[in-house]
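S.K.: Mind looking over this structure? Questions follow.
Only the coordinates and a few stated rules stand behind these numbers; no lab work does. Here the structure is a predicted model, which means the values were calculated and not measured. Ideal geometry is used to build each Cβ from the backbone, glycine not excepted, and the neighbour counts take in all protein chains shown.
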Amino acid sequence: MSKKGNELYEEVKEKIEQLNDKDSVYSKFRDIWKLASLGKYRSFDLRYFYEDTSREFVEEHKEHLTKIREDFVENIEEYVKKCIEVMRKTNKFKVYYTKTNEEAQKIFMEELGDNKVLYKSKSLEAKDIGIIDVLKKNNIEIKETDLGDVLCQLFDYKHPSFTLAPGVQFTEKEIVAKMKEKYGIDVDAKAEAIVAYYRKNYRPELLNDVKVSLTSANAIAANDGSIILVENEGNISLLTRATEKHIVVVGIQKIVPNVFDALIVAKIHERINSVDGAYISFISAASNTSDIQGKRVFGMYGAKEVVIIFVDDWRIKAAKENLFLKDILKCIACKSCDYVCTASRAFGNIYASKYGIGAINIVRDYIHNGIEAAVKDGLFLCTGCENCTNWCPVGVDLAEIMKTLKKEATEKELCPPSLKEYKDKIFRDKNPFI
Ligand code: SF4
Ligand code: SF4
């Protein structure tokens with residue numbers, strides 16, 4: 001084992017040891033996450049709101065979804081080209097295609113212009129593409145709008161969290177105590193009272209003050225250029241309407257063949273995560289009116305301008321050169337593989353990267369920062385159980401990808417000592433059991 005391997009091993013081990021302390025940041029997250037993920041997973045087998053279970057819904061569409069994702073990956077360049085053409089010609093969006101994350105960051109800053117405040121919805125891709133780091137570097141104030149993210153900002157929470165509910169680890173009591181400390185106000189330690197506070201005090205700002213907003217997209221339809229966004233809070237609806245400029249930063253893998261496929265992806269997001277997706281938005285143009293003499297004028301009540309920044313970075317290369325990461329391009333980022341993941345349930349936000357919890361975010365870290373980053377994120381905590389692969393609604397073989405990463409790490413002498421001993425034993429004795 002290399003010196004670096006040993007350092008990374010000790011780092012992961014130290015975090016795991018903290019799980020024995022019930023007040024540590026890791027055990028607090030792990031305990032709530034274990035409950036949440038079990039609840040999410042089990043609810044798929046119950047008939048709460050619909051006639052079919054969520055799993056039945058997923059199974060009904062899995063074959064079609066897998067087929068369209070495979071078709072996209074095989075014909076990635078054609079889909080991207082077609083989508084951009086339609087968006088420019090029909091939707092009148094301002095569209096950029098960027099080859100690298102750095103290029104996307106530069107264009108984003110140009111589009112932001114002199115604005116010093118940016119309002120954003122939850123956007124893993126903004127983090128992934130490095131937009132958040134660049135905003136911080138340039139002292140741009142980032143205003144989160146998803147309540148979970150607002151709470152993470154309130155607590156200055158720096159640890160990885162669950163993308164769909166990033167504030168799930170804070171108790172009502174902790175939240176109101178923090179509100180008292182930061183805002184000097186008394187709020188009842190009840191979820192309803194906390195929500196009412198933000199509705200009364202933050203919502204007017206979202207309705208009146210937003211000049212530039214940032215969102216990602218859950219899907220983008222290649223045939224008509226619509227941007228599809230799913231949400232339950234209504235913050236995305238406000239951000240995409242009550243703004244002057246709406247910027248969408250998105251990886252090209254979010255493109256699907258048509259609006260019907262985009263709708264299925266949106267519904268899968270809702271159902272597989274057992275959330276009441278209160279709103280699904282299809283944005284097909286900036287706000288406009290033709291009510292005066294039939295003359296089309298942009299910027300009626302909604303966004304005056306919609307800007308799309310597509311990011312390629314590693315994606316076309318992975319598809320064209322048949323790299324092992326090619327399979328990840330099928331991912332629709334539903335994040336639900338975390339619920340069934342044995343490592344995620346056991347280790348919570350120790351099995352995570354700076355992008356968020358779970359294997360998919362470890363792969364993300366590998367793509368941007370290499371194998372050492374993945375080992376540091378707990379790569380070897382993956383048990384190889386294959387639950388993720390069996391669960392995925394679009395057939396991503398995440399377990400196989402994790403296996404490939406472990407192989408690379410092992411070849412580079414980065415695997416933990418106990419596994420190294422086990423490996424040596426197999427090679428020496430030709431039998432792991434004696
Ligand atoms: S890999 Fe995970 S996040 Fe991606 S589509 Fe499959 S289940 Fe969803
Ligand atoms: S194979 Fe690894 S990543 Fe997949 S569910 Fe099992 S422990 Fe999690």
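S.K.: Around Asn349, under 13 Å between beta carbons, what's the net of Lys plus Arg minus Asp minus Glu among the other residues?
M.R.: Net of charged neighbours comes to +4.
S.K.: Output needed for the range 310-434: three equivalent-ellipsoid semi-axes, defined as square roots of 5 times the C-alpha gyration tensor eigenvalues, in descending order, whole Å.
M.R.: The answer is 26, 17, 14 Å, longest axis first.
S.K.: Sorted by packing (mean other beta-carbon atoms within 10 Å per residue), highest first, where do 312-319, 119-126, 74-81, 226-233 land?
M.R.: 119-126, 226-233, 312-319, 74-81
S.K.: Let me ask another. Once phi is turned into θ = phi - 60°, what whole-Hz ³J(HN,Hα) does the Karplus curve with 6.51, -1.76 and 1.60 give for every residue of the range 192-199, x standing for Gly and Pro?
M.R.: Per residue, the Karplus-derived 3J(HN,Hα) values read 4, 5, 5, 4, 4, 4, 5, 4 Hz.
S.K.: Can you list residues whose amide H is under 5 Å from Lys143's amide H, if they're 5+ apart or on another chain and H is modeled 1.01 Å from N?
M.R.: Here the answer is Leu118, Tyr119, Lys120, since their amide H atoms fall under 5 Å of that of Lys143.
S.K.: Note down the net charge around Trp33, summing +1 for each Lys or Arg and -1 for each Asp or Glu among other residues with Cβ under 12 Å from its Cβ.
M.R.: +3
S.K.: Please report the relative contact order for the chain, taking Cα pairs under 8 Å with a sequence separation of at least 6, and give it as a percent rounded to a whole number.
M.R.: RCO, the chain: 22 percent.
S.K.: Further question: Treat every Asp and Glu Cβ in the range 242-287 as -1 and every Lys and Arg Cβ as +1, leave all other atoms uncharged, and give the resulting dipole magnitude about the Cα centre to the nearest 20 debye.
M.R.: 80
S.K.: State to the nearest 20 debye the size of the charge dipole of the range 134-179 about its Cα centre, where the only charges are +1 on K and R beta carbons and -1 on D and E beta carbons.
M.R.: Roughly 180 debye for the range 134-179.
S.K.: For the range 187-300, take the alpha-carbon Rg, divide it by the Kirkwood Rh, and send me Rg/Rh.
M.R.: Taking Rh as the inverse mean 1/r over Cα pairs, Rg/Rh reads 1.04.
S.K.: Hey, what's the per residue convex hull volume over the C-alpha atoms of the range 111-156, in cubic angstrom? Show your work: numbers first, answer last.
M.R.: Numbers: hull volume 3.5 nm³, N = 46.
Convex hull of Cα atoms, per residue: 77 Å³.
S.K.: Let me ask another. Given the Cα-Cα distance of Lys62 and Arg428 and 0.36 nm per residue of separation, how much length would full extension add, in nm? Before the final figure, lay out the partial values.
M.R.: On the way: separation 366, 0.36 × 366 = 131.76 nm, distance 4.39 nm.
Additional length available on full extension: 127.4 nm.
S.K.: What are the residues whose amide H is under 5 Å from the amide H of Thr100, where those residues sit 5 or more places off or on another chain and H is modelled from the backbone?
M.R.: Amide H neighbours of Thr100, under 5 Å, 5+ apart: Asp312, Asp313.
S.K.: Express in whole angstrom the spacing between the alpha-carbon centres of the range 344-407 and the range 126-141.
M.R.: 24
S.K.: Taking the highest mean first, how do the peptides 208-216, 86-94 order by number of other beta carbon atoms within 10 angstrom per residue?
M.R.: 208-216, 86-94
S.K.: Moving on. Using each residue's phi in the range 230-236, evaluate 6.51 cos²θ - 1.76 cosθ + 1.60 at θ = phi - 60° and report the 3J(HN,Hα) Karplus result to the nearest Hz, with x for Gly and Pro.
M.R.: Along the range 230-236, the couplings run 10, 7, 10, 7, x, 5, 5 Hz.
S.K.: Now for a separate question. Counting only residues 5 or more places away or on other chains, whose amide H sits under 5 Å from the amide H of Val95 once H atoms are built in the peptide plane?
M.R.: Result for Val95 returns Ile308.
S.K.: Among the lysines, which fall within straight-line cross-link reach of Lys173, defined as a Cα-Cα distance under 18 Å, with same-chain neighbours fewer than 8 residues apart omitted?
M.R.: Straight-line reach from Lys173, under 18 Å: Lys22, Lys28, Lys182, Lys190.
S.K.: If the limit is 32 Å between Cα atoms, which of Lys82/Lys403; Lys13/Lys425; Lys40/Lys143 go over it?
M.R.: In this structure, Lys82/Lys403 lie more than 32 Å apart at Cα.
S.K.: Moving to a separate point now. From the C-alpha gyration tensor of the chain, pull out the three semi-axes of the equivalent ellipsoid (sqrt of 5λ each), sorted largest to smallest, in whole Å.
M.R.: 36, 27, 21
S.K.: Name the cysteines of the chain that stand alone by the Cβ rule: no other cysteine Cβ under 4.7 angstrom.
M.R.: Cys83, Cys152, Cys331, Cys334, Cys341, Cys382, Cys385, Cys392, Cys415
S.K.: So what is the 222 nm mean residue ellipticity for the chain from helices alone, if each DSSP H run of at least 4 adds -39500 (n - 2.57) and you divide by all residues, rounding to the nearest 500 deg cm²/dmol?
M.R.: So the calculated ellipticity at 222 nm is -15000 deg cm²/dmol.
S.K.: What list of ³J(HN,Hα) values in whole Hz, one per residue of the range 83-91 in order, does the Karplus curve 6.51 cos²θ - 1.76 cosθ + 1.60 (θ = phi - 60°) give from phi, with Gly and Pro shown as x?
M.R.: My calculation for the range 83-91 gives 4, 5, 4, 5, 4, 6, 7, 8, 7 Hz in order.
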